[in-house]
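Take a look at the following structure, please.
The values are calculated or read from the model by the stated rules, or taken from the named source; none is laboratory data. These numbers come from a predicted model, not from an experiment. Heads up, the Cβs are rebuilt from the backbone with ideal geometry, glycines too, and the neighbour counts pull from every protein chain shown. Surface areas here come from the heavy atoms of the whole protein model, side chains and all, with no ligands, DNA or RNA. Shrake-Rupley method; radii C 1.70, N 1.55, O 1.52, S 1.80 Å.
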Amino acid sequence: MALQSPVRAQARSKRGDLVRFPKPQPKFIACLFTFLSSFLLPALASAHTVNLSWDASTSKQVVGYNVFRGANTGGPYTQINSTVDPNITYTDSSVQGGNTYYYVTTAVNADGTQSEYSNQTEAVIPRGGTGSENALYSFAAGSDPQHPYAGLVFDKAGNLYGTTESGGNNSQGTVFEISPNTNGVWTETVLYNFTGSTDGGQPYASLVFDAAGNLYGTTSYGGNSNCSLGCGTVFKLTPGSGGWTESVLYAFTGGNDGRQPSARVLLDSAGNLYGTTLLGGNVGSVCSSGCGTVFKLTPGSSGWTESVLYTFEGGADGSSPYAALTFDASGNLYGTAYAGGTSGDGTIFKLTLGSSGWTQSVLHTFSGGSDGKYPYGDLILDAAGNLYGTAFQGGAGYGVVFELLPNSKGGFRERVLHAFYNTPAGNPVAGLVMDAAGDLYGTTMLGVTETSCGGGCGALFELSPVTGGRWTYKVVHDFGRGADGYHPTGDLILDSAGNLYGTTQAGGADGSGMVFQIKN
């Protein structure tokens, strides 16, 4: 008597999210194949297991099952159990971190007749670590720093530094440090409390160190009073025996020089600083407050001099650059403008230095459709000259991760690596970070898996390259559970062990945001 094919198959990711598999096959026993979990064994850091489970066959002649595994979707598959197994579960302990495996089962009757394959299920194995979160510090209410919008930076000793857009003694934001102790607890120190006056206020951007251990950053407000709340500043923090001293390197006036810098500055080998302003530049033309600028700050014996490298026109070139800049090996600058372009949905641009100054060119104009819309995050560059970034919307409506590849004619083409669907992750604000293996990590600000936050709480995700030019996507952490933080908007950073560090704007033990570590 012929055996029937499986009618459907299902899988669970290692987080337990139900994934439905298409193409039910019409002939076999009703065999429900489920990938239950992939986890790190605590006693052996390199060991992983995949636990598989399926529904028992309703055919009386079936005496057991065989389990098959392949390295590619659709096979070929190799049997991994040595003898027919009467159980409806199987543990595969021979998987390796960083790989993706594809499983199918068959049912076997008493005379050895074997059914067709069940539907396929997939197991993505992490490269190492548990993916668990450690809450390093939760910001409190009152005069404690509150609501870190930006990411973090390490010093040589392993301490973390960042900014908060509010809180502090004057409710105008802070620069903070958190340091690890031998007992595993991290201690917070406030290095500077902004006043919102000439020293600046409400920093939205992360910091950068120079070789001497000085910190540089921007404030979106404060400084020159030409603008409501101030036009923004570039500042420096210098360590000394009595603590850290803040000095304003440049206060924007809100005119042609720019206004409201919202991204971190970029430091070159000569000590010059480069950055963007969200507004200012060509004030009163296409954009009532200006369409934004790219600027440079040059140190000199009498202070720092600002020069505008490019003023956005608000047309096809883009407008309102929200993110930081990126250098390539030739000294070209790359960045994003979250608005403007031919469709008004943002651009990716390049600035090239020539004998007559800097020339801007548009590498990609977002259409607002499948290619993305509103790129808020920083770009990163790999060794081959490919650019990677995120867009807040577009794709399936909830943003994308994209790659921009150079071609032989000097142009670029965009490729979408992942489109978010809001469950469990949606709407990335931050840029990406790449590890030594070429995996990309990022965060989404929203996503509806945890619904306790407006629009969802956000997630941390990983994209890994696989054969054939494809990328495998997985969620590493869902934010918003219990005392966990939510709404991450800052870039992630990696330590030498591959652990990830970042911030959330809100949540944590006291609701004012937190600093977290994800064991990877």
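Go ahead and run the numbers for FRET between residue 301 and residue 247, Cβ-Cβ distance against an R0 of 22 Å, rounding to 0.05.
For residue 301 and residue 247, the calculated efficiency is 0.90.
Probe radius 1.4 Å, ligands and nucleic acids ignored: give me the carbon and sulfur share of the accessible area of the stretch 273-422 as a rounded percent.
Working: 2710 of 5680 Å².
Summing carbon and sulfur atoms, their accessible area is 48 percent of the total for the stretch 273-422.
What does the charge dipole of the chain about its Cα centre add up to, to the nearest 20 debye, if the Cβ of each Lys and Arg holds +1 and the Cβ of each Asp and Glu holds -1?
1200
For the peptides 179-185, 325-331, 418-424, what is the packing order when you average, over each peptide's residues, the other Cβ atoms within 10 Å and list the highest mean first?
Per-residue mean Cβ counts within 10 Å order the peptides as 418-424, 325-331, 179-185.
Continuing with the same structure: Pull up all non-local amide H partners of residue 249: gap of 5 or more, or a different chain, and H-to-H distance under 5 Å with H placed in the peptide plane.
Hits under the 5 Å cutoff: 234, 235, 236.
Still on this model: Over the chain, average the accessible area per residue using a 1.4 Å probe and give it in Å², no decimals.
40
Quote the accessible area belonging to residue 116 in square angstrom, nearest 10, computed with a 1.4 Å probe and with ligands, DNA and RNA left uncounted.
90
Please list, in order along the stretch 67-75, the HN-Hα scalar couplings obtained from phi with the Karplus expression 6.51 cos²θ - 1.76 cosθ + 1.60 (θ = phi - 60°), rounded to whole Hz, x for Gly and Pro.
10, 10, 9, x, 8, 10, 4, x, x
Using the alpha carbons of the stretch 76-212, what is the convex hull volume per residue in cubic angstrom, as a whole number?
Output value, Cα hull per residue: 214 Å³.
Here's a follow-up. Is the stretch 281-378 rounded, prolate or oblate when judged by the Cα gyration tensor, a ≥ b ≥ c being the square roots of its eigenvalues, rounded requiring a/c under 1.5 and prolate requiring a/b larger than b/c? Don't skip to the end; give the middle numbers.
Details: a/c = 2.11, a/b = 1.51, b/c = 1.40.
Prolate, because a/c is 1.5 or more and a/b exceeds b/c.
Arrange the peptides 82-94, 332-344 so that the one whose residues have, on average, the most other Cβ atoms within 10 Å appears first.
Final packing ranking: 332-344, 82-94.
To continue, here is another question. Tell me, what % of the accessible area of the stretch 187-257 is carbon and sulfur with a 1.4 angstrom probe?
Carbon and sulfur: 47 percent of the exposed surface of the stretch 187-257.
Quick one: net charge of residue 179's neighbours, Cβ under 12 Å, K/R +1, D/E -1? Mind showing how you got there, number by number?
On the way: positive: none; negative: 155, 177, 188.
Charge balance in the 12 Å sphere: -3.
Stretch residue 132-residue 83 to full length: gain in nm at 0.36 nm per residue minus the Cα-Cα span? Intermediate values should be presented prior to the final figure.
Details: separation 49, 0.36 × 49 = 17.64 nm, distance 3.62 nm.
The residue 132-residue 83 span can extend by a further 14.0 nm.
If you don't mind, another one. Quick one: net charge of residue 68's neighbours, Cβ under 15 Å, K/R +1, D/E -1?
Neighbour charge sum, excluding residue 68 itself: -3.
Along Cα→Cβ, 7 Å out, is where each label goes; now give me the distance between the ones at residue 157 and residue 481 in nm to one decimal.
My value for the distance between the label points is 3.5 nm.
Same structure, new question: State the percentage of accessible surface on the stretch 442-520 attributable to carbon and sulfur atoms; use a 1.4 Å probe and exclude ligands, DNA and RNA. Working shown, then result.
On the way: 1250 of 2480 Å².
So the carbon and sulfur contribution to the accessible surface is 50 percent.
Which FRET efficiency value, to the nearest 0.05, do you get for residue 495 and residue 113 by plugging their Cβ-Cβ distance into 1/(1 + (r/R0)^6) with R0 = 51 Å?
Numbers: r = 54 Å, r/R0 = 1.07.
With a Förster radius of 51 Å, E is 0.40.
Right, another one. Sorted by packing (mean other beta-carbon atoms within 10 Å per residue), highest first, where do 448-460, 355-367 land?
The most tightly packed comes first, giving 448-460, 355-367.
Report the FRET efficiency, 1/(1 + (r/R0)^6), for residue 238 and residue 383, where r is their Cβ-Cβ distance and R0 is 30 Å, rounded to 0.05.
Efficiency at R0 = 30 Å is approximately 0.30.
Please turn the phi angles of the stretch 445-451 into ³J(HN,Hα) values with the Karplus equation 6.51 cos²θ - 1.76 cosθ + 1.60 (θ = phi - 60°), one per residue in order, whole Hz, x for glycine and proline.
Each residue of the stretch 445-451 in turn: 6, 10, x, 9, 4, 9, 9 Hz.
Measure off 7 Å from each Cα along the Cα-to-Cβ vector at residue 423 and residue 342, then give the distance between these two points in nanometres to one decimal.
3.6
Sequence-distant or interchain residues sharing an amide H contact under 5 Å with residue 49, placed H: which?
39, 41
Tell me, what HN-Hα J-couplings in whole Hz come from the Karplus equation 6.51 cos²θ - 1.76 cosθ + 1.60 at θ = phi - 60° for each residue of the stretch 286-302, using x for Gly and Pro?
Computed from phi, the couplings for the stretch 286-302 are 5, 10, 5, 10, x, 9, x, 9, 10, 10, 9, 10, 10, x, x, 5, 10 Hz.
Given C-alpha coordinates of the stretch 189-324, what is the ratio Rg to Rh with the Kirkwood estimate of Rh?
My calculation of the ratio gives 0.98.
Under 14 Å from the 7 Å Cα→Cβ point of residue 328, by amide nitrogen: which residues of the stretch 365-386?
Label zone hits: 380-386.
Multiplying the sequence separation of residue 451 and residue 225 by 0.36 nm and subtracting their Cα-Cα distance, what value in nm do you get?
Stretched out fully, the residue 451 to residue 225 stretch lengthens by 77.3 nm.
Taking H as built 1.01 Å from N, whose amide H comes closer than 5 Å to the amide H of residue 287, not counting residues under 5 places away?
Amide H to amide H, under 5 Å and 5 or more residues apart or across chains, residue 287 pairs with nothing.
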